[in-house]
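Shown next, in structure tokens, is the structure this report addresses.
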Amino acid sequence: MSTSNPSPLGQPMNDPQAAIELREKRKQKIASTLSKRHRKEKAFRMFGLSSVVAGLLFVALLFSSILAKGLPAFWQSSMELPVYFDPAIVQVSKQPVQTDTETPAQFQERYIAWQTEVGMVDWDALIVNAIVAKDPSLANQRDDLSTLYTSSETYRIRDMFMNDPSLLGQREDIKVLADANVDVWLKGKIDRSLADEQQQLSPEVRQLADDLEAKGVIESTFNTNIFTSPDSRSSPATSGLAGAFMGSLFMMLIVIFISIPIGVASAIYLEEFAPKNVLTDIIEVNINNLAAVPSIVFGLLGAAIFIGWMHLPLSAPLVGGLVLSLMTLPTVIITTRASLKAVPPSIRQAALGLGASRLQTVFHHVLPLALPGILTGAIIGVAQALGETAPLLLIGMSAFVASVPATPFDQSTALPVQIFLWQGNELRNFFEGRTAAAIIVLLALMISLNSLAIWLRKKFEVRW
């Protein structure tokens, strides 16, 4: 007598109706499970998409905020004036010329006396006369007119005459920058409803600025000083990024010529030639640890070694470049080693099998294939160093420097430090836009470097 094996549901397997019911229940269970998994997958995809969209929205908000504040700073109130070098005002003797009978010291004494004579001229009167020439109705407001433009313009006109005394009696069209407070007032960054005692400008000067703007005497023009002038405290309207840009340029050149060659050479040795033992393991662990060390620690190291022990000049791009080179070195080593590891072992085996030496294999076959990744890592490391601020503050590069450095040994600041200094300036209404403009310049440089890295990677990329 034969018996049937019971199904998991307690029904005989040879019962057709029970088998059909079993299959239906299994289908329902599978369908329920699949539906649940599909819901989870869909929810995860929606979560990932929403995260990406939220991140893009925050980035867009950040960039739009910076652009909204920074772009107006690239335009500044100014006046195009016909400055007449009136001989009745510029009453100075003829520029001295060295004669054959006098020593250099005697000529220098006469030249300094002539410079002193030029410095005693009322150069403000030339600018005020030029404004009156544009609008003769202002002849009775000369005292108020002298507060419309920034103080450094008088020195600029003086220097123009000293460099070219033939300007005496000539008329030159010169663009004169408005004072920082006038620029802020005309751009509407000051609440006009505030009481007079809370305003930076007198009621007469404010009314005068509005009238001249309405007449077209004061215009908003592109501000080239932000790129060509160094920082200034006596004349905020002429503050620029030239000194900080040159300081950053010198530091990046030092990083490129020190960090990249040493980092690439170290990575090649560790990856291709160094024996695998405890010592190399310790070196690799320490390199990875150095890449995670906060940047301010490298600033402390630089202040202690390069300034305290080696007595290198304080606040110099040389010291900043050395500190940033130390900070960038682990990144270059790690990215270079990753690029070398990405080259298939078959390339090495084929080269060695054809009789190439280990050195020839690395430099003739492996290194060219790893070049795109090496270049990308190096450029990203330089871009990271370009935006660092904390280590530079500890080596004195936060000091106010009103000149453009000519060499890496001259005192200077850097673009991120200049942003830090402007952000804390007491003339906040004016320097808030300047700070955002400097951020735009720094971001443009960093985006350019990253774009260059992507382009080089695509150009030299080899697929195998």
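Any chance segment 414-423 includes a residue that's open to solvent by 20 Å² or more (accessible area, probe 1.4 Å) and over 17 Å from Leu445 (Cβ atoms)? Within segment 414-423, one or more residues are open to solvent by 20 Å² or more (accessible area, probe 1.4 Å) and over 17 Å from Leu445 (Cβ atoms).
Which members of segment 327-379 meet the condition of being among the small types (Gly, Ala, Ser) and free of Cβ contacts under 8 Å to residues at least 40 places away in the same chain? If you could, list the steps in order and put the result at the bottom.
Going through segment 327-379, the residues among the small types (Gly, Ala, Ser) turn out to be 338-339, 342, 346, 350-351, 353, 355-357, 370, 373, 377-378.
Once the filter is applied, which keeps residues that are among the small types (Gly, Ala, Ser) and free of Cβ contacts under 8 Å to residues at least 40 places away in the same chain, segment 327-379 yields Ala338, Ser339, Ala342, Ser346, Ala350, Ala351, Gly353, Gly355, Ala356, Ser357, Ala370.
With the structure loaded, tell me whether Phe74 is touching a Leu at 6+ places or on another chain (Cβ under 7 Å) and in contact (Cβ under 8 Å) with a residue 40 or more places away in the chain or whether it fails that test. For Phe74, the condition - touching a Leu at 6+ places or on another chain (Cβ under 7 Å) and in contact (Cβ under 8 Å) with a residue 40 or more places away in the chain - is not met.
Give the residues of segment 219-244 that are assigned to a helix (DSSP H, G or I) and open to solvent by 70 Å² or more (accessible area, probe 1.4 Å), sorted by residue number.
Going through segment 219-244, the residues assigned to a helix (DSSP H, G or I) turn out to be 225-228, 236-238, 242-244.
Passing the criteria: Phe227, Thr228.
Whether a residue is within 14 Å of Gly247 (Cα to Cα), touching a residue at least 40 places away in the same chain (Cβ under 8 Å) and either part of a helix (DSSP H, G or I) or among the acidic types (Asp, Glu) (or both) was assessed, and Val417 passes this test. The residues on offer are Ile454, Ile440, and the sole one that is assigned to a helix (DSSP H, G or I), over 17 Å from Gly247 (Cβ atoms), aliphatic (A, V, I, L, M) and over 11 Å from the mean Cα position of the chain (by Cα) is Ile454. May I ask you to say which residue of Phe430, Phe460 is aromatic (Phe, Trp, Tyr), surrounded by fewer than 18 Cβ atoms within 10 Å (Cβ to Cβ) and out of contact with any Gly (no Cβ under 8 Å at 6 or more places or on another chain)? Answer to the selection: Phe460. In segment 98-121, the qualifying residues are those that are at pLDDT below 90 and in a loop (DSSP other than H, G, I, E, B), and the one that is surrounded by the fewest Cβ atoms within 10 Å (Cβ to Cβ) is Asp100.
Does segment 38-52 contain any residue that is in a helix (DSSP H, G or I), under 30 Å from Leu186 (Cα atoms) and either without any contact (Cβ under 8 Å) to a residue 40 or more places away in the chain or not aromatic (Phe, Trp, Tyr) (or both)? Steps first, please.
The initial filter retains those residues of segment 38-52 that are in a helix (DSSP H, G or I), namely 38-52.
Imposing the further condition that a residue be under 30 Å from Leu186 (Cα atoms) reduces the set to none.
No, that holds for no residue.
Scanning segment 134-151 for residues that are open to solvent by 60 Å² or more (accessible area, probe 1.4 Å) and either out of contact with any Leu (no Cβ under 9 Å at 6 or more places or on another chain) or in a helix (DSSP H, G or I) (or both) yields Lys134, Pro136, Ser137, Asn140, Arg142, Asp143. Inside segment 267-296, residues that are over 30 Å from Gln360 (Cα atoms), open to solvent by less than 70 Å² (accessible area, probe 1.4 Å) and part of a helix (DSSP H, G or I) make up a count of 2. Among the numbered conditions (1) more than 27 Å from Leu359 (Cβ to Cβ); (2) at pLDDT below 90, the only one that Trp309 does not meet is (2).
Which of the residues belonging to segment 162-185 are crowded, with 20+ Cβ neighbours inside 10 Å and touching a residue at least 40 places away in the same chain (Cβ under 8 Å)?
Going residue by residue through segment 162-185, those that are crowded, with 20+ Cβ neighbours inside 10 Å are 176-185.
Scanning segment 162-185 gives Val176, Leu177, Ala178, Asp179, Ala180, Asn181, Val182, Asp183, Val184.
Under the condition of being under 25 Å from Leu145 (Cα atoms), open to solvent by 40 Å² or more (accessible area, probe 1.4 Å) and touching a residue at least 12 places away in the same chain (Cβ under 8 Å), the residues counted in segment 87-97 number 3.
Against the definition (open to solvent by less than 40 Å² (accessible area, probe 1.4 Å) and in contact with a Lys or Arg (Cβ under 8 Å, 6 or more places away or on another chain)), how does Val83 come out, yes or no? Step through it out loud before you land on a result.
Numbers: open to solvent by less than 40 Å² (accessible area, probe 1.4 Å): yes; in contact with a Lys or Arg (Cβ under 8 Å, 6 or more places away or on another chain): yes.
Against the criterion (open to solvent by less than 40 Å² (accessible area, probe 1.4 Å) and in contact with a Lys or Arg (Cβ under 8 Å, 6 or more places away or on another chain)), Val83 qualifies.
Glu271 meets the conditions (1) in contact with a helix residue (DSSP H, G or I) (Cβ under 9 Å, 6 or more places away or on another chain); (2) touching a residue at least 40 places away in the same chain (Cβ under 8 Å); (3) more than 30 Å from Lys341 (Cα to Cα) in every case but one. The failed one is (3). Might you let me know whether segment 311-327 holds any residue that is open to solvent by 20 Å² or more (accessible area, probe 1.4 Å), among the small types (Gly, Ala, Ser) and out of contact with any His (no Cβ under 6 Å at 6 or more places or on another chain)? No, that holds for no residue. Evaluated against (1) within 18 Å of the chain's Cα centre (by Cα); (2) in a helix (DSSP H, G or I), Asn429 falls short on exactly one condition, (1).
Can Gln76 be described as open to solvent by 60 Å² or more (accessible area, probe 1.4 Å) and polar (S, T, N, Q)?
Values: open to solvent by 60 Å² or more (accessible area, probe 1.4 Å): no; polar (S, T, N, Q): yes.
No: the conditions fail for Gln76.
Restricting Ser220, Ser193 to residues that are small (Gly, Ala, Ser) and under 35 Å from the mean Cα position of the chain (by Cα) narrows the list to Ser220.
Being modelled with pLDDT of 90 or more and touching a Gly at 6+ places or on another chain (Cβ under 9 Å): is that true of Ile268 here?
Details: modelled with pLDDT of 90 or more: yes; touching a Gly at 6+ places or on another chain (Cβ under 9 Å): no.
Taking the combined requirement at face value, the residue does not satisfy it.
The values are calculated or read from the model by the stated rules, or taken from the named source; none is laboratory data. Bear in mind that the values here come from a model prediction, so they are computed numbers and not experimental data. Don't worry about glycine lacking a Cβ; one is built from the backbone with ideal geometry, like all the others, and counts go over all protein chains shown. Side chains included, ligands, DNA and RNA excluded: accessible areas come from the protein's heavy atoms. Shrake-Rupley method; radii C 1.70, N 1.55, O 1.52, S 1.80 Å.
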